[in-house]
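Heads up: the structure comes next, in structure tokens.
The values are calculated or read from the model by the stated rules, or taken from the named source; none is laboratory data. Keep in mind that this is a model prediction, so the values were computed, not measured. We place every Cβ from the backbone using ideal geometry, glycine too, and count neighbours over all the protein chains shown.
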Amino acid sequence: MKFIIAIVQPHRLDAVREALQDIHVDGLTVTEVRGYGRQRGHKEIYRGAEYSIAFVPKLKIEVAVPSERADEVVAAIQGAARTGKVGDGKVFVLDLLAALRVRTGETDVDAL
Amino acid sequence: MIDGADSAWLMMSTVLVLLMTLPALGFFYAGLVQAKNVLSVFIQCVAIAGMVSLLWFALGYSLAFSGRGDWLGDFGAVFLGPLTRAMVHPGSHVPESVFVMFQMTFAIITPALIIGAYVERIRFSAVLLFSALWLLIVYAPVTHWIWGGGWLAQRGVLDFAGGIVVHVTAGVSALVVAWLLGPRKGFPESIHPPHAPWMVMVGASLLWVGWFGFNAGSAIAAGADAGMTMLATHLAAATATAVWIAIEWIKYGKPSLVGAVTGTIAGLATITPASGYVGPTAAVALGLAGGVICYGAVILVKRRFGIDDSLDVLGVHGVGGATGTLLLPFLVSFGPGGLPAALNGGAGHQFAMQALGVVTVAVWSAAASYAILKLVGLTVGLRVTRDEEIQGLDYASHGETAYHVGS
């Protein structure tokens, strides 16, 4: 099993959700996060003074999938999240050791 | 004799001016600070409102409006001693009780304006002690000088609704306070941006509405003067709003909400001293001048002087109030609806008197604020600790938090 963490632009969330639904990924978790990468934050101007916003808002999407589906899911996320501008985010793929569905007690792939 | 219409309008105006502090100024300032200091700004507004009301009742009103002294009122109206139910305010048709209350709301908002200079780092006890002394040492005497028959009134200085009495006193004192207190941690490079620009807009809009009571209420009568004052006030605010939008649009490519509503307040501060003496065309001119000049002043104070007058009290209020005061003599005859008869001597002589008023009040405000703040520093202390500043005043000073995420 793989655990996929995608950091994306907030306004791409709906597109990512639709792309994952289209390939029948039936669950995901979203968190509002802040961070910076090559985008290095941005500037905002209030009353003529420049403020550096070091941490810009992003969304963190987490999905757990069977190992053989990981590439397909990563591709779907990239396809939906990409705008081509700096700040589009990153996708990380981790090995997932175990999973449990709380209601039924099913484990691992059955629990995804 | 008491007139029902005049009394009703002045009571309504009193409500509007109190609204300017509670909650308008609170929203205007709280939106500009970090999320961890929101409640500290609101409690500073509320505490000043309560404390100043009692001081005004006990002593402030008497020092400002009782007696015929050149420099200060007397103790004749301490605890509003002579006040009766039927007493009519001299020269008007409104009850004395309403005039006392109307003026009380001005006494409340003026020290509250100074909050903008010391947010995010001052001790709460310092806010209280400073505001109390400032009310009695700066606000009450200056009010007497200009509105209570004192030495500037005798020289014909015109200040319809508080360009000098409210905005110059608060603006200049704010600069001194900000300078003595020192800047917020990280000023100027790594200061945090306004946490809620929408809240700034809500506050500024309520201030705009409340200002009709502030300016048109200062006619102390519901009639022709109040009507024209309201029109002039609105047009100046609208013009200065447009000016700030235009400046930012040209300069940065994007007009900002915080900029637009800051322009509103700059326009309102600028028209205040002139609002009862000019017509609509002159009001637009004052909005233009105030918008442009205050924009420059805000940048000058923060960048050139390097003083952390955090929410631009001098740049917006002080400079706006002074601009309107000084331009007034030249605009009373500009376009229809003005009141040239209000001038004492020609425009040149009136301008000299206006300048005398602005300069002497600015000097007194600065000197007295300096002394008061030194005293406050020696007694209760001025700043919270560095750790408390980082933690935020909401929790560090007041034990509560504005935003509880996830509950």
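Considering only residues that are in a helix (DSSP H, G or I) and either touching a Gly at 6+ places or on another chain (Cβ under 8 Å) or of a type in the set (Ser, Thr, Tyr) (or both), which ones fall in region A:70-112? Answer for region A:70-112, where residues must be in a helix (DSSP H, G or I) and either touching a Gly at 6+ places or on another chain (Cβ under 8 Å) or of a type in the set (Ser, Thr, Tyr) (or both): just A:81. The set of residues from region A:45-95 being within 23 Å of residue A:15 (Cα to Cα), among the aliphatic types (A, V, I, L, M) and within 14 Å of chain B (Cβ to nearest Cβ) comprises just one member, A:56. Annotation: residue B:293 fulfils all but one of (1) aliphatic (A, V, I, L, M); (2) in a loop (DSSP other than H, G, I, E, B); (3) under 20 Å from residue B:161 (Cβ atoms); the unmet one is (2). Condition test on residue B:202, is it away from chain A (no Cβ under 14 Å), farther than 27 Å from residue B:372 by Cβ and in contact with a Phe, Trp or Tyr (Cβ under 6 Å, 6 or more places away or on another chain)? Yes; evaluated as a whole, the condition is true for this residue. Condition check for residue B:113 on (1) out of contact with any Ser or Thr (no Cβ under 8 Å at 6 or more places or on another chain); (2) within 23 Å of residue B:38 (Cα to Cα); (3) more than 14 Å from chain A (Cβ to nearest Cβ); (4) surrounded by fewer than 24 Cβ atoms within 10 Å (Cβ to Cβ): one failure, at (4). Residues in region B:266-296 that are in contact with a Leu (Cβ under 6 Å, 6 or more places away or on another chain) and of a type in the set (Val, Ile, Thr): B:270, B:271, B:278, B:284. Given the structure, is residue A:7 farther than 30 Å from residue B:297 by Cα, modelled with pLDDT of 95 or more, away from chain B (no Cβ under 14 Å) and not in a helix (DSSP H, G or I)? Criteria met by residue A:7.
Among residues of region B:162-191 that are under 15 Å from residue B:107 (Cα atoms) and within 14 Å of chain A (Cβ to nearest Cβ), none has a Cβ under 7 angstrom from a residue that is among the aliphatic types (A, V, I, L, M) and assigned to a helix (DSSP H, G or I) at a sequence gap of 6+ or on a separate chain. For region A:17-31, the condition of being within 14 Å of another protein chain (Cβ to nearest Cβ) and touching an Asp or Glu at 6+ places or on another chain (Cβ under 6 Å) holds for none of the residues. For region B:139-158, does any single residue satisfy the condition of being at positive phi and surrounded by fewer than 22 Cβ atoms within 10 Å (Cβ to Cβ)? There is at least one residue in region B:139-158 that is at positive phi and surrounded by fewer than 22 Cβ atoms within 10 Å (Cβ to Cβ). Quickly run through region A:20-67 and pick out the residues that are closer than 23 Å to residue B:188 by Cα and β-branched (Val, Ile, Thr). Within region A:20-67, A:45, A:53, A:56 qualify. Does region B:373-394 include one or more residues that are among the β-branched types (Val, Ile, Thr), more than 17 Å from the chain's Cα centre (by Cα), farther than 29 Å from residue B:193 by Cβ and part of a helix (DSSP H, G or I)? Scanning region B:373-394 turns up at least one residue that is among the β-branched types (Val, Ile, Thr), more than 17 Å from the chain's Cα centre (by Cα), farther than 29 Å from residue B:193 by Cβ and part of a helix (DSSP H, G or I). Looking at region B:281-299, which of its residues are away from chain A (no Cβ under 14 Å) and buried (at least 18 other Cβ atoms within 10 Å of the Cβ)? Answer for region B:281-299, where residues must be away from chain A (no Cβ under 14 Å) and buried (at least 18 other Cβ atoms within 10 Å of the Cβ): B:282, B:283, B:284, B:285, B:286, B:287, B:289, B:290.
Restricting region B:230-252 to residues that are in contact with a Phe, Trp or Tyr (Cβ under 7 Å, 6 or more places away or on another chain) and more than 14 Å from chain A (Cβ to nearest Cβ), the residue that is surrounded by the fewest Cβ atoms within 10 Å (Cβ to Cβ) is B:230.
Tallying residues that are in contact (Cβ under 8 Å) with a residue 60 or more places away in the chain, closer than 28 Å to residue A:44 by Cα and buried (at least 17 other Cβ atoms within 10 Å of the Cβ) within region A:57-86 yields 2.
Just to be sure, is residue A:98 more than 14 Å from chain B (Cβ to nearest Cβ), surrounded by 11 or more Cβ atoms within 10 Å (Cβ to Cβ), farther than 30 Å from residue B:265 by Cβ and among the hydrophobic types (A, V, I, L, M, F, W, C)? It is false that residue A:98 is more than 14 Å from chain B (Cβ to nearest Cβ), surrounded by 11 or more Cβ atoms within 10 Å (Cβ to Cβ), farther than 30 Å from residue B:265 by Cβ and among the hydrophobic types (A, V, I, L, M, F, W, C). Helices (runs of 4 or more DSSP H) fully within region B:148-261 that include at least 1 residues being more than 22 Å from residue B:307 (Cα to Cα): B:151-154, B:197-216, B:224-252. Checking every residue in region B:47-66 against the condition of being buried (at least 21 other Cβ atoms within 10 Å of the Cβ), among the β-branched types (Val, Ile, Thr), closer than 23 Å to residue B:393 by Cα and within 14 Å of chain A (Cβ to nearest Cβ) gives zero matches. All of B:355, B:347 fail the test of being touching a Leu at 6+ places or on another chain (Cβ under 8 Å) and modelled with pLDDT of 95 or more, apart from B:355.
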